[in-house]
1. Can you tell me which residue is farthest from the chain's Cα centre (by Cα) among those in segment 76-118 that are of a type in the set (Val, Ile, Thr) and assigned to a loop (DSSP other than H, G, I, E, B)?
2. Taking the options LEU371, LEU435, LEU447, LEU423, name whichever one is in contact with a Phe, Trp or Tyr (Cβ under 7 Å, 6 or more places away or on another chain) and either on the phi < 0 side of the Ramachandran plot or charged (D, E, K, R) (or both).
3. Please enumerate the residues belonging to segment 228-260 that are surrounded by fewer than 23 Cβ atoms within 10 Å (Cβ to Cβ), in contact (Cβ under 8 Å) with a residue 60 or more places away in the chain and either farther than 26 Å from ARG212 by Cβ or not assigned by TED's automatic domain parsing to the domain that holds ALA146 (or both).
4. Has segment 629-642 got at least one residue that is among the charged types (D, E, K, R) and surrounded by 15 or more Cβ atoms within 10 Å (Cβ to Cβ)?
5. Output the residues belonging to segment 363-387 that are without any contact (Cβ under 8 Å) to a residue 40 or more places away in the chain and buried (at least 21 other Cβ atoms within 10 Å of the Cβ).
6. Which of the residues belonging to segment 40-57 are surrounded by 24 or more Cβ atoms within 10 Å (Cβ to Cβ) and in contact with a strand residue (DSSP E or B) (Cβ under 7 Å, 6 or more places away or on another chain)?
7. Taking segment 59-90, which residues are aromatic (Phe, Trp, Tyr) and surrounded by 22 or more Cβ atoms within 10 Å (Cβ to Cβ)?
8. Suppose we filter GLY163, GLY158 for residues that are surrounded by fewer than 24 Cβ atoms within 10 Å (Cβ to Cβ) and touching a residue at least 24 places away in the same chain (Cβ under 8 Å); which single one remains?
Amino acid sequence: MASTSAAPEIDKDLMARLARTIRGLAIDGVEAADSGHPGMPLGCADLATVLWYHHLNANPADPGWKNRDRFVLSAGHGSMLLYALLHVAGYGLSLEDLKNFRQLESRTPGHPENFVTRGVETTTGPLGQGFANGVGMALSAHMMHARFPDLIDHFVYGIVSDGDLMEGVAAEAASFAGHHGLGRLIYLYDDNDITIEGETDLTFSGEDAGKRFEAYGWQVLRAHGHNVDAVNAALAEARGDLDRPTLIVCKTTIGFGSPNRSGTSGVHGSPLGAEETKLTKKALGLDPEKSFDVPAEDYAEWKRAAERVAELQKAWEAKLAAADEKTRAAFLAHYEQKLPDLKALRPASGGKAVATRKSAGAAENAYAAALPWLAGGSADLAPSTNTLIKGSDSVGAGSFGGRNIHWGVREHGMGGICNGVALHGAFRPFGATFLVFSDYMRPAIRLAALMGLPVVYVFTHDSIFLGEDGPTHQPVEHYAALRSIPGLSVIRPGDDEESFVAWEAALKRTDGPTALLLTRQNLPYLDRANAGLAAADGLERGGYVLRDCESDPKAILIATGSELHLALEAAKRIEGARVVSMPCVETFRAQPKEYRDAVLPPSCRKRVVIESGIRQGWHDIATDDGAFVTQETFGASAPAERLAERFGFTVENVVKTAQELLG
């Protein structure tokens, strides 16, 4: 679908002046910190100025405007470019903030952080991640446009680097974007032929990035990065194709203006130094004796640009106000994401053995029916992960009204794109794959935790008990690896009812991501009401007493997931044994001491932790007097029952371990 988008008239002298000021601020910020990356801001100031002044419809007075254009600086090491733009554009970033670049507790950290600096859309720095985030933002924009065509019509812009395009995550995300025809995505590629080690010919030769992106299904345009007319025309042309994402290849000179270091790797990640700073400012037409200098007329020009966007937002708000009540309520519901009584929507327990991947899938569908903003899918594993939203269409090129997103075999890309969807704010995304492949997603998961994004990860086939596929597919160290990420909630439910509550906990969480670790194999049905077992709602506190003894416990069996039934059976043979279900260690550790001591009395240090993963991370729970029934080696290819015998996940071994503790 093509649309007409005339290029705005451009004043080349004005653009040169504004870009010159941006370059000066970037140089000064890096010099003040004696640390940073001046090369990229110097090289990209021209194209960034044209984009921000003439094309980016974002209102500094209201950075949360829902129909704003998004800007992603995927090359996050060039953060002083973004900070300089935020300052002059009126986002409240002061000159003092620029002077405190890279200093403790400043609003100008070394790489952009969206939770620190007003106007920063996403946290970038690990190359390729911002690229994938922008794809997620554009995907969400297309999905919202399909639902509310009169209210959502914005674009996602970004600046990407040679390094971004080398990263595998960018390739995965680019392939996804091209296949889905995300025409609301426009990236300016800073093609400067330089990386840290030297010229890109060292590692990035013989490849035409433009042709590669054409093969992905992108529109590829070319514009010299220091020719503002060409950049302006290319941006306008890019908006004219709503069926394809656009890569604008911009040939630039890294460190533009530096007499002795431009075009070299030496300007990439080191300050220019006092003498070269003066020479560069002189070459650019700046006063070498002035630092952090912004002419009053620059502020006036950027204020005019902001006023233009404010008028656009005012017209949009009138359009929203004029929409019928049903449409307006449905639109706002996507961003407010209020939860109904999830417990009332909880599916009924089937009363039989079931895999937690299946019971979690039932819960997901029960809740999705009431939550139009819940969307996601699997990395080509939906039949195995049970994550298909029933009754909803698939998202695809030209068809964005559904909620089932087929990520393809692109786990790393899925993670980064999910982050972008969450950042856009209109949908709560989830991504699913086998737990062992969470390794491919770790950088994106870590960034989701850093940014506090409520992404849900559905990780199935969570132990050696997936069986015959063998140790390449059997996670062992993955529970501990995920739990080591600060801010990530890792939940491993032990039966169908805990699976229901686990999804509820994930949906209730708005300040960070959640990983659900689910079984392939069926787990025994726990008849909680008739067996004297506690309700699964205790999961909300991370850990709880599932089965207690008649007096103070002599031993405590602590288990998660598929090992919970082992603990219950073993407790029947151990006098004075308490069973604690601990599906989420992080949440339990965050509980008040009184609650933790009630579940795990300090007086009872004879504790056995039972989990089919490495014991790392459990020692504070087990105490020095505790013991472990854990998986300290890789698994093997065999039926699950044989693996349980081989590696000691039997009732007999749990009983033996506990009795040895008790003497």
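The values are calculated or read from the model by the stated rules, or taken from the named source; none is laboratory data. In this text the structure is predicted, and so the values were computed from the model without any measurement. Positions of Cβ are backbone-derived with ideal geometry, glycine not excepted, and every protein chain shown enters the neighbour counts.
1. THR108
2. LEU435 is the lone residue from the list that is in contact with a Phe, Trp or Tyr (Cβ under 7 Å, 6 or more places away or on another chain) and either on the phi < 0 side of the Ramachandran plot or charged (D, E, K, R) (or both).
3. ASP229
4. No, segment 629-642 contains no residue that is among the charged types (D, E, K, R) and surrounded by 15 or more Cβ atoms within 10 Å (Cβ to Cβ).
5. ALA368, the sole residue that qualifies.
6. The first filter runs over segment 40-57 and keeps only residues surrounded by 24 or more Cβ atoms within 10 Å (Cβ to Cβ), leaving 40-50, 53.
Correct list: MET40, GLY43, CYS44, LEU47, ALA48.
7. Residues of segment 59-90 aromatic (Phe, Trp, Tyr): 65, 71, 83.
Correct list: PHE71, TYR83.
8. GLY163
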